[in-house]
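In what follows, a structure is listed as structure tokens, so that the remarks can point back to it.
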Amino acid sequence: MLSTSTSYARIDGSPVAARKGLARFYEQVLSWGACQPYATDTKSKGLFEREGIQCARLQVPLDYEKPDAGTITVALLRRTASEQGRRVGSLVVNPGGPGGSGMAHVANMQPNNPVSKRFDVVGFDPRGVGASQPRVQCLTDAERDAQRLRPKGETANAVETENRYFVEKCTERSGIDLLRNVGTRDVVRDMDVLRGALREQKLSYLGYSYGTRIGTLYAEMYPRNVRAMVLDGAVEVNGDKVAASARQAQGFEEAFQRFAGWCAQRDCPIGKDTSTAESKFRQMIDPLKKTPMQVGDRKLSHSDANTAIIQAMYSDRLWETALKGLQELKQNKGNTLLQLADQYLGRAQDGTYSRIQDAFVAIRCVDEPPIKDRATLESNRRRLLELLGNDTIPTDETALGPCAFWPAPHTSEPHPPNVNGLPQVLVVSTTGDPATPYQSGVDLAAALGARLLTYNGNQHTAFLAGIGCVDGVGTNYLVDLRLPETDSVC
């Protein structure tokens, strides 16, 4: 799943940057100030009023092949080291996505977390995302709400019509120039400009989930510019999208089984028998396909109910909420499940969306070669069925996705990482991680020659989540560059 570009030579720092006309970007002086003006939605407005944070804008080229043809900005948020006298440097953080806000992530971090003592922790909204300008915009809030209520069982033609509409709106509202240049390749280049603007000779980086893809591509493009990297919750590295989809589907299936076992010890609407729990859940939400449930002035759709349970599988800390949602559903109430779905889809209480869903598609469509023929889709669907050994793959998997109609060419090609000259880094992988299954971390560590830290738990990512063993290993490495002598387990 890991994609890297083949359209440029390896770049190792500012001498090449200077030759490419980028020196002025690397040498820019950041102007740090209040964060409130950077808020783009209700959630960020609350987060950006917190104490101890500062914000700035980083100027970068819209198109790195034409650095004089126009600039855009990448928005930054910094929490300065609480022990300035022992400050190591800046730690750049990406929370994943694609399309997640690094600014919101850092603003929301516990101020007394282990790395905040010794590092200025810097989160950035990748180009086209959040407070970065301009940003990818496709569907309006009302259009997104309507999409969630789309009835299930539509024909492939109906799904493709909706996908074409989505792409038309992305192009109309975002502009073709931005859509051409929002890929991971460009985010990585921005991150090296950020390294220069922070006056760091080498980069210290923490990437979660899709952030591991950013980190891996950075390691490939700029291996000699890496000081330290913690990559937590690795995405697939071998470029086999079907196998990656199967592995992730199996990850969520296993997470649901663990949830069902936990639920069986309580007043569980999906029963005491874990072998039938999934079918009972399907039976519970099946009526929503035809008739969404009224929830105040909104409705809970079948896809919302499914999305809610997926959201709850990201961490066993959400299992109580999922149980409450299922108990409510049994009583013909949908409040809690709708809230979980909103959380996953980035919808605030006032009805505004974070645009992460728009950015997710835009980034994926330029990161990976599109599938433009139905025969390949059908072949992939059959292979997925074989790998999963069941018949639960939706029929609309045979509809061409948005990327088949995308107006910009893809800028990356999948291939195994090639990281000659990279110092040893740390990969963290959680055994019960449904979204980025454990084996993906094992594979990434092997590909990078990295040290692997295994966490035995049921959640998506683990570093700086208050797990003493994991936090200790990761912090020792980031601060002192001390890695365990062998792969280790927490």
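The values are calculated or read from the model by the stated rules, or taken from the named source; none is laboratory data. Only a predicted model underlies this, so the values are computations on that prediction, with no experimental measurement involved. Note that each Cβ is placed from the backbone with ideal geometry, even for glycine, and that neighbours are counted across all protein chains shown. The area values use the complete protein model at the heavy-atom level, side chains included, leaving out ligands, DNA and RNA. Shrake-Rupley method; radii C 1.70, N 1.55, O 1.52, S 1.80 Å.
Worth a mention:
- Total residues in segment 32-84 satisfying the condition of being open to solvent by less than 40 Å² (accessible area, probe 1.4 Å), over 18 Å from Ala104 (Cβ atoms) and of a type in the set (A, V, I, L, M): the figure is 4.
- Considering residues of segment 95-120 that are within 14 Å of the chain's Cα centre (by Cα) and assigned to a helix (DSSP H, G or I) only, the residue surrounded by the fewest Cβ atoms within 10 Å (Cβ to Cβ): His105
- Restricting Gly449, Gly468, Gly441, Gly474 to those that are of a type outside the set (Lys, Arg), touching a Ser or Thr at 6+ places or on another chain (Cβ under 9 Å), more than 30 Å from Glu154 (Cβ to Cβ) and at pLDDT 90 or above reduces the list to Gly441.
- Any hit, segment 154-161, residues being of a type in the set (Ser, Thr, Tyr) and either under 18 Å from the mean Cα position of the chain (by Cα) or surrounded by 20 or more Cβ atoms within 10 Å (Cβ to Cβ) (or both): no
- Residues satisfying the stated conditions in segment 202-236, i.e. closer than 16 Å to Pro417 by Cα and of a type in the set (Ser, Thr, Tyr): Tyr210, Thr212, Thr216, Tyr218, Tyr222
- Selection of segment 228-267 for residues being over 29 Å from Thr376 (Cβ atoms), touching a helix residue (DSSP H, G or I) at 6+ places or on another chain (Cβ under 9 Å) and open to solvent by 20 Å² or more (accessible area, probe 1.4 Å) yields Gln257, Arg258, Gly261, Trp262, Arg266, Asp267.
- Any hit, segment 451-469, residues being open to solvent by less than 30 Å² (accessible area, probe 1.4 Å) and out of contact with any Gly (no Cβ under 9 Å at 6 or more places or on another chain): no
- Scan segment 211-227 for residues that are buried (at least 22 other Cβ atoms within 10 Å of the Cβ) and in a strand (DSSP E or B) and the total you get is 0.
- Matching residues, segment 335-377, being β-branched (Val, Ile, Thr) and in contact with a Cys (Cβ under 9 Å, 6 or more places away or on another chain): Val361, Val366, Ile371
- Number of residues in segment 456-470 that are outside any loop (DSSP other than H, G, I, E, B) and free of Cβ contacts under 8 Å to residues at least 24 places away in the same chain: the value is 2.
- Unmet requirement for Pro369, which otherwise passes all of (1) at pLDDT 85 or above; (2) open to solvent by 20 Å² or more (accessible area, probe 1.4 Å); (3) over 27 Å from Val167 (Cβ atoms): (3)
- Pairing each residue of segment 365-383 that is in a loop (DSSP other than H, G, I, E, B) and hydrophobic (A, V, I, L, M, F, W, C) with any residue that is modelled with pLDDT of 85 or more and open to solvent by less than 60 Å² (accessible area, probe 1.4 Å), provided the two are 6+ apart or on different chains, yields C-beta distances under 9 Å for Ile371/Leu400; Ile371/Gly401; Ile371/Cys403; Ile371/Ala404.
- Any hit, segment 281-290, residues being crowded, with 18+ Cβ neighbours inside 10 Å, touching a His at 6+ places or on another chain (Cβ under 8 Å), assigned to a loop (DSSP other than H, G, I, E, B) and not β-branched (Val, Ile, Thr): no
- Pro417, sole failed condition from (1) open to solvent by less than 30 Å² (accessible area, probe 1.4 Å); (2) within 27 Å of Ser303 (Cβ to Cβ); (3) outside any helix (DSSP H, G or I); (4) of a type outside the set (Lys, Arg): (2)
- Just one of (1) on the phi < 0 side of the Ramachandran plot; (2) surrounded by 21 or more Cβ atoms within 10 Å (Cβ to Cβ); (3) part of a loop (DSSP other than H, G, I, E, B); (4) modelled with pLDDT of 90 or more fails for Pro434. It is (4).
- Among the conditions (1) within 27 Å of Asn456 (Cα to Cα); (2) free of Cβ contacts under 8 Å to residues at least 40 places away in the same chain; (3) open to solvent by 20 Å² or more (accessible area, probe 1.4 Å), Ala277 misses just one, which is (3).
- Members of segment 162-203 found to be free of Cβ contacts under 8 Å to residues at least 40 places away in the same chain and surrounded by 22 or more Cβ atoms within 10 Å (Cβ to Cβ), listed by number: Val188
- Within segment 121-151, the set of residues being touching a residue at least 60 places away in the same chain (Cβ under 8 Å), open to solvent by less than 50 Å² (accessible area, probe 1.4 Å) and assigned to a strand (DSSP E or B) comprises Val122, Phe124, Gly128.
- Among the residues of this structure, Tyr210 counts as one that is of a type in the set (Ser, Thr, Tyr), in contact (Cβ under 8 Å) with a residue 40 or more places away in the chain and within 29 Å of Leu22 (Cβ to Cβ).
- Pair list, Cβ under 6 Å, 6 or more apart: segment 230-253 residue among the acidic types (Asp, Glu), other residue in a helix (DSSP H, G or I) and open to solvent by less than 40 Å² (accessible area, probe 1.4 Å): Glu236/Ala244; Glu236/Ser440
- Within the option set Val473, Val427, being under 26 Å from Ala107 (Cα atoms), part of a strand (DSSP E or B) and in contact with a strand residue (DSSP E or B) (Cβ under 9 Å, 6 or more places away or on another chain) holds for one residue only, Val427.
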